[in-house]
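See below for the structure under consideration.
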Amino acid sequence: EINTAYDTGNKDKTTFAEAKAVRYLLYDVNPGEGFNLRRDVYMRVANLVKFLNEDEPWVLVLPPWGRLYHWQRDVEQIKIPWKTFFDLDSLRQHIPVIEFEDYLKVRGEPVIDEVYYLQGFKGGWTHWEEKLNITECLDSRSGGFRQDDDGRWRHWFFGYEEVYAKKFACLSYMGHAGFIKPFLMHNTTGRSVYIPQAEEMLHDRYGHKGYWEARRSMVFAKHLRDIGDEFRAKHLTSTDQEDNTVLEDWTKMRRKHGEAKGGPYIAIHLRRRDYLWARKDELPSLKGAAKHVKKLLKKYDLLKVYVATDAPKEEYEEFKSYFKKAEIYRYEPTEEVFNKYKDGGIAIIDQWIAAHARYFTGSHVSTFSFRIQEEREILGFDPEMTFNRMCGDKDQDCEQPTKWTIIYD
Ligand SMILES: C[C@@H]1O[C@H](OP(=O)(O)OP(=O)(O)OC[C@H]2O[C@@H](n3cnc4c(=O)[nH]c(N)nc43)[C@H](O)[C@@H]2O)[C@@H](O)[C@H](O)[C@@H]1O
């Protein structure tokens, strides 16, 4: 597994890899950020690694999942490898990646050579320009990095507390992800470079070809797709053959809008919990959401509803109670499934089932909803059936999401 990680399938790059030692890029995202913004940051860093590989062989080290604010169920959720959630072979058709544990094996020692803790510029900014500068740390805690008596930099390091870094600095940064490339190539020399707070780097080109390549490569792990498919078949009369949603190798898959029909159900992403505070006026009440869904069922002549939600049980039951005829479904994992795949896996199963519905509507500016919309673009749905959101009760005519449709070239 480790060896194939460098093999990008490109002859020139293999020659490069022989000539130059492979370097490793590690990154992390601000601890407060949720699962689906993290997926977005992966795309930015992945495309940086792709860009680096035009000149030097770099491998992206996938940051183990864990300690996410929203993942509060009572089981330990740290050191989760990417293969729990995503199909690594698919990621590797875009860029060379390895899991953190494999990186540690390759190094033979729990070491990271250089850390650049990304931060903004002192005093904020008045105009946009691409710039970077090694400077004092604006965070008085230096993001939790501290030097021990032997001069080694210590940190939580995804729960691998035996890991240490040799060098640490704060780097003020304003720019797209690609802008850091010359710095990495010419101002760093270590075999591995770690960039915490990678969300400071912006997408090189949001919504363009490269964005979609990275996004398409993020195929969900087969064991999660299988669970979702089984649920669809059992409860929602939905199969890929019938619905025209057969998944292919992402590098070859190219659907036209409207080719996917989707299963005979409406799916909604009903974001609750902390969102009720953050986006109070833009979210419907449970009753308001039910009223809207009833209209959709009528309009599309359907009877079934799939609800992807973080709502506690009582709220979901209340939502259900507003329906008489319609069948309302939610995926509820057994304890065994939960222990294996955790909150992240359940979130993906929800996203997968929602992505296969005839019609989808989400929650205002939720990255969870955005990722479902992208999945539907990949599958080839009509954008009208995808880029929708539920309105707050007081604003029935709310603005609908931008149609970020898929770009192949
Ligand atoms: C208020 C903001 O909200 C932003 O969340 P937003 O974009 O919706 O989306 P996420 O960043 O994914 O964060 C939401 C988390 O809540 C859970 N969650 C939300 N909706 C569902 C669902 O339908 N099904 C399941 N199974 N789980 C769900 C899940 O653990 C997910 O990782 C955060 O990224 C920000 O950090 C901040 O908290």
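Remarks
- In the stretch 83-205, the DSSP beta bridges split such that about 40 percent are antiparallel, to the nearest 5.
- Area projected by the alpha carbon convex hull of the stretch 341-384, averaged over all directions, nm²: 3.1 nm²
- Rg and Dmax of the stretch 231-318, Cα atoms only, in Å: 16.0, 44
- Highest GNM mean-square fluctuation among T126, T188, T334, for the chain modelled with Cα contacts below 10 Å: T126.
- Peptides 38-48, 278-288 ordered by average Cβ neighbours within 10 Å, highest first: 38-48, 278-288
- Taking 14 Å as the cut-off, the amide N atoms of the stretch 127-152 that come nearer than this to a point 7 Å along the Cα-to-beta-carbon line of F121 belong to 127-135.
- Computed over the alpha-carbon atoms, the chain gives an Rg to Rh ratio of 0.98, Rh here being the Kirkwood radius from the mean inverse distance.
- Rg ratio for the stretch 314-375: its Cα radius of gyration over 2.2 N^0.38 Å, N being its residue count, equals 1.26.
- Relative to the compact-globule estimate of 2.2 N^0.38 Å, the Cα radius of gyration of the stretch 65-141 comes out at 1.56.
- Solvent-accessible area of K20 with every protein chain in place, 1.4 Å probe, in Å² to the nearest 10: 80 Å²
- Scalar couplings 3J(HN,Hα) for the stretch 147-159, obtained by applying the Karplus form with A = 6.51, B = -1.76, C = 1.60 to θ = phi - 60°, are 9, 8, 5, 8, x, 8, 8, 10, 6, 5, 6, 6, x Hz; x denotes Gly and Pro.
- Between E161 and Y206, the modelled label-to-label distance comes to 3.9 nm, taking each label 7 Å out from Cα in the direction of the beta carbon.
- More than 22 angstrom apart: percent of Cα pairs within the stretch 119-241: 57 percent
- D393, D229, D409, reordered so the largest accessible area comes first (probe 1.4 Å): D409, D393, D229
- Here the Kirkwood formula, the inverse mean of 1/r across different C-alpha pairs, assigns the stretch 199-250 a hydrodynamic radius of 13.4 Å.
- Among beta bridges identified by DSSP and lying wholly in the chain, the antiparallel ones come to about 20 percent.
- In this simple spin-label approximation, Q72 and L138 carry label points 7 Å from Cα along the Cα→Cβ vector, and these lie 2.9 nm apart.
- Taking all C-alpha pairs of the stretch 34-162, those more than 26 Å from each other amount to 35 percent.
- Distant-in-sequence amide H partners of V115 (H built 1.01 Å from N, under 5 Å): K167, F168, A169, Y194
- Taking 28 Å as the straight-line reach from the Cα of K167, the lysines in range (excluding those fewer than 8 positions away in the same chain) are K20, K50, K79, K105, K122, K131, K181.
- Ellipticity at 222 nm from helices only: DSSP H runs of n ≥ 4 in the chain, each -39500 (n - 2.57), divided by the residue count, give -10000 deg cm²/dmol.
The values are calculated or read from the model by the stated rules, or taken from the named source; none is laboratory data. Just so it is clear, the model here is predicted, and its values are computed rather than measured. A quick note on method: Cβ atoms are made from the backbone with ideal geometry, for glycine too, and the neighbour counts reach across all protein chains shown. Accessible surface is based on the protein model in full, side chains and every heavy atom, while ligands, DNA and RNA are left aside. Shrake-Rupley method; radii C 1.70, N 1.55, O 1.52, S 1.80 Å.
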